[in-house]
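One structure is given here, and the rest of the page talks about it.
The values are calculated or read from the model by the stated rules, or taken from the named source; none is laboratory data. Computed from a prediction, not measured in an experiment: that's the story for all the values here. In this analysis, Cβ positions are derived from the backbone assuming ideal geometry, glycine residues included, and neighbour counts consider all displayed protein chains.
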Amino acid sequence: MLHSTPRQLPCWLKFVAPVAEQVRVTFLGGLGEIGRNCAAIEQDGRIVVVDAGLMFPEPNMYGVDLILPDFRWLIERRDKIDGIVLTHGHEDHTGALRYLVKDVNVPIYGSPLTVGFAKHRLSEAKVSADLTFIEVDDHERRRIGPFEVEFIPVTHSVPSAHALAFHTKAGVIVHSGDFKLDLTPIDGRRTDVSRLAQLGDEGVALLLCDSTNAEEPGFTASESSVGATLRRLFLERANRRMVVACFSSHIHRVQQIVDIALEQNRKICLMGRSMEANAKLARKLNLLHVDKADFVDVENIDRYEPGEVCVICTGAQGEPMAALSKLSRGDNRFLKVGPEDTIILSSHPIPGNEWSVGRVIDDLTRTGTEVIHSGKEAVHASGHARQGELRTFHQLLRPRNFIPVHGEYRHMIHHAALAESMGLERSHILVCEDGDQVEVSEKGIRRAGQIPAGFHYIDGGAGDLDERPLEERRMLAEFGVLMISAGIDGERGEIVHEVSVTARGWFEGEGDRSVQLTITNEVRSALTEALREGERSAEVLNRVAQRCAGRLLGQRFRRQPVLLPAIVVF
Ligand SMILES: [Zn+2]
Ligand SMILES: [Zn+2]
């Protein structure tokens, strides 16, 4: 009966039957971490990519500037890719484009603001490739490769964000993008819940949905509620100079700060390169409303009394090179902050940034400045849906299958449980991780394989960086290094260049110097002994030295530096 198993199908049948109605989704990043979002949706051998984001390194990733998705799977299939669709302009969705487009030059779709942000970053990175950008309108439906792709407006912390509906052979696949259900957004552009409900009525085969706040009960505060808090804080401090730090892409936050400052007849001073560039772009696109005459350059800020200016700057995440950090260190030539100033961090630290944010707050406080942050006042609202909004989203779409995306593992688990509580059967929910592939069909969803999807580290100076050198950097940082060198005359079997022990990140003071001396003497004896026994191999002699030093250090300190023996046999 062998011939009846699927593997034994006649070859012509393999090319016809079951694959026709299947659509495959491949997750390249963003499932298991906040960052480097990237997915591929595939039908009939053609692929459309959703987002190409980056992730920022953790503090112990020494020398790593950025982390990208592993794009090899996409690059190998570059001829099959019909487009890259960007949900919105945040770095965790667009920041890796500059690396991907070097190998995959296909049209890039997104809202005018999303495309504008992406283009700006590509030009900053001096990417010279001749790229095609296609700006899409809200509600637009476009043919991209094998799919009709619909761009559905959603509210988020950057304007002009989209959820995507892919009309596929297996039914409609909805990708939420990053979203919240803000009913009072600053620009009045609400999440298009009526279209989502319509899609729900027509039938949604698969929902991929933002899980960032899936652990949080209730509803995320509206962006406009932040404005109310900021207004009160400004009113209470009419004579003080107000400095507000926020994400430069958060145009609606910037708009609210601008409006409040202008109500108090303050001039606006933008600080930070990306703040200036993004405000310029948003004004051009009519998304930020402020007259040029209302701005003042930082060089001229001294001409105004503290109560006459408002600074809006970058650096709310504690980035060491950003405007706020420079203020905290007194590094800005034209503006020194002190007891006359109030600084508001209109943000919440991204996981991993808490330490740097705390340090900036501390340094600012040391200057006598008043510092207000989200731990004290409601000066920030998240851009991601909490449980109440997620339930609403699920209820509107009533998907047949669901995969949580955009989150750390626990966020996705909570989101899966939420979907189950909404009545979806467990067999129709998959918790996936980076590298997982899933097939969607009329019948349901199933895991369909895995691709390599590890972290791709970028070290600004050295380019690509693998896990091993990174691990070595961690070891060096944590344990220091000890080098043992000596020169051996191979013929005579004698040490001719004296044993020398040098260390970094180790040994300090007299006590340690005696240990250093002991190691030198012991290694000399061990080498002499080995030479007397006739050993001449450099490899073996290096091992002898390493073992000897390692044993001594272990006894003395119960831990060891990285040992680098350099015994040369002439
Ligand atoms: Zn986002
Ligand atoms: Zn995101």
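So the values come out like this:
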| quantity | calculated |
| --- | --- |
| Tally, over region 453-482, of residues that are among the basic types (Lys, Arg) and surrounded by 12 or more Cβ atoms within 10 Å (Cβ to Cβ) | 2 |
| Spans of helices (runs of 4 or more DSSP H) in region 17-118 with at least 2 residues within 16 Å of ligand 1 (Cβ to nearest atom) and out of contact with any strand residue (DSSP E or B) (no Cβ under 8 Å at 6 or more places or on another chain) | 91-94 |
| Members of region 90-140 found to be under 24 Å from residue 79 (Cβ atoms), at pLDDT below 95 and of a type in the set (Gly, Ala, Ser), listed by number | 128, 129 |
| Region 535-554 residues that are of a type in the set (Gly, Ala, Ser), paired with ones that are assigned to a helix (DSSP H, G or I) (beta carbon under 7 Å, 6 or more apart) | 545/523; 545/526; 545/527; 549/519; 549/523 |
| Residue tally, condition closer than 15 Å to residue 241 by Cα and in contact with a Pro (Cβ under 9 Å, 6 or more places away or on another chain), over region 293-334 | 0 |
| Residue 205 being away from ligand 2 (no atom under 16 Å from the Cβ), touching a Gly at 6+ places or on another chain (Cβ under 7 Å) and touching a residue at least 12 places away in the same chain (Cβ under 8 Å) | yes |
| Qualifying positions in region 326-367 - crowded, with 22+ Cβ neighbours inside 10 Å and of a type in the set (Ser, Thr, Tyr) | 328, 346, 347 |
| Those residues of region 376-406 which are more than 16 Å from ligand 1 (Cβ to nearest atom) and within 14 Å of residue 163 (Cβ to Cβ), in sequence order | 392, 394, 396, 397, 399 |
| Count of region 166-192 residues which are crowded, with 17+ Cβ neighbours inside 10 Å and either of a type in the set (A, V, I, L, M) or modelled with pLDDT under 95 (or both) | 6 |
| From the options 120, 88, residue that is within 25 Å of the chain's Cα centre (by Cα), closer than 28 Å to residue 464 by Cα and within 16 Å of ligand 2 (Cβ to nearest atom) | 88 |
| Selection from region 479-494 of residues that are farther than 30 Å from residue 558 by Cβ and touching a helix residue (DSSP H, G or I) at 6+ places or on another chain (Cβ under 6 Å) | 493 |
| Residue tally, condition closer than 19 Å to residue 204 by Cα, under 25 Å from the mean Cα position of the chain (by Cα) and buried (at least 23 other Cβ atoms within 10 Å of the Cβ), over region 131-165 | 7 |
| Close pairs (9 angstrom Cβ cut-off, 6 or more residues apart or separate chains): within 13 Å of ligand 2 (Cβ to nearest atom) in region 156-168, basic (Lys, Arg) and outside any strand (DSSP E or B) anywhere | 157/253 |
| Those residues of region 122-148 which are touching an Asp or Glu at 6+ places or on another chain (Cβ under 8 Å) and either without any contact (Cβ under 8 Å) to a residue 40 or more places away in the chain or assigned to a helix (DSSP H, G or I) (or both), in sequence order | 140, 141, 142 |
| Flag if residue 480 is out of contact with any Lys or Arg (no Cβ under 9 Å at 6 or more places or on another chain), modelled with pLDDT under 95 and farther than 30 Å from residue 206 by Cβ | no |
| Positions within region 54-83 being in contact with a Pro (Cβ under 8 Å, 6 or more places away or on another chain) and either away from ligand 2 (no atom under 16 Å from the Cβ) or without any contact (Cβ under 8 Å) to a residue 60 or more places away in the chain (or both), in sequence order | 64, 65, 70, 72, 73, 82, 83 |
| Positions within region 38-79 being surrounded by fewer than 20 Cβ atoms within 10 Å (Cβ to Cβ) and modelled with pLDDT of 90 or more, in sequence order | 44, 45, 46, 70, 72, 73, 75, 76, 77, 78, 79 |
